[in-house]
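The structure under discussion appears below in the form of structure tokens.
The values are calculated or read from the model by the stated rules, or taken from the named source; none is laboratory data. Everything quoted here is computed from the prediction, not taken from an experiment. Positions of Cβ are backbone-derived with ideal geometry, glycine not excepted, and every protein chain shown enters the neighbour counts. Note: areas computed on protein heavy atoms with side chains; ligands, DNA, RNA excluded. Shrake-Rupley method; radii C 1.70, N 1.55, O 1.52, S 1.80 Å.
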Amino acid sequence: MHLFMSDNEIYFEELTQKNKSDILRLYNEIYSKQNHSSLIAHLIDKPSFFGLCGYQGNQAICFLLANAVLDEIDIIELAVKENFRRRGVAFKLLSYFQLFCIERKMQKVFLEVAQNNAAAISLYEKLGFDRIGLRKNYYSQNGFYIDGYSYCKNVNAIKNNPVNSTCTGL
């Protein structure tokens, strides 16, 4: 069963044991130089874990994984297959994930992003996420440490204005 349909080309399914292998396969394809798939597999099995997997036809092209604690949810991983990047797939995925959060009565969505990931930062800010902090040396890339930005979005505000919702009261 499809959770959300964006159009005839791309559809999103809620994370299940059935599509777990699709997500792990895509994770390994995107992050071939890193070997964290066993950690991702372990996290996916936790009851507090949520996610969406995006498909074109039968091919997994993107996914979003998040961990919920009470009424807050932290996006752990968002990935789009390389040949589908810069085509609005991540925007659609995050937009539908916001609806997913509303349905589950989440209050706030958090995420971190490397400060050198200009495309992701632009996407999150376009979707109304607020930069709320800096994490020094949060990421390791090619033997160097990169700072990360923390972002938040108030889910209650999404109902009224999905692109512009501030995260206040932290």
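Given the criteria open to solvent by 70 Å² or more (accessible area, probe 1.4 Å) and in contact (Cβ under 8 Å) with a residue 60 or more places away in the chain, does residue 99 qualify? Taking the combined requirement at face value, the residue satisfies it. Taken over region 46-66, the residue count meeting the criterion of being in contact (Cβ under 8 Å) with a residue 24 or more places away in the chain, farther than 14 Å from residue 12 by Cα and out of contact with any helix residue (DSSP H, G or I) (no Cβ under 7 Å at 6 or more places or on another chain) is 1. Take residue 158 and tell me if it is at pLDDT 90 or above and of a type in the set (Val, Ile, Thr). In short, no. Yes or no: residue 116 at pLDDT 90 or above, part of a loop (DSSP other than H, G, I, E, B), on the phi < 0 side of the Ramachandran plot and among the polar types (S, T, N, Q)? Answer is yes for this residue. Annotation: of all residues in region 122-148 being hydroxyl-bearing (Ser, Thr, Tyr) and open to solvent by 90 Å² or more (accessible area, probe 1.4 Å), the one that is farthest from residue 109 (Cα to Cα) is 145.
In region 62-89, of all residues being open to solvent by less than 20 Å² (accessible area, probe 1.4 Å) and not in a strand (DSSP E or B), the one that is nearest to residue 28 (Cα to Cα) corresponds to 84.
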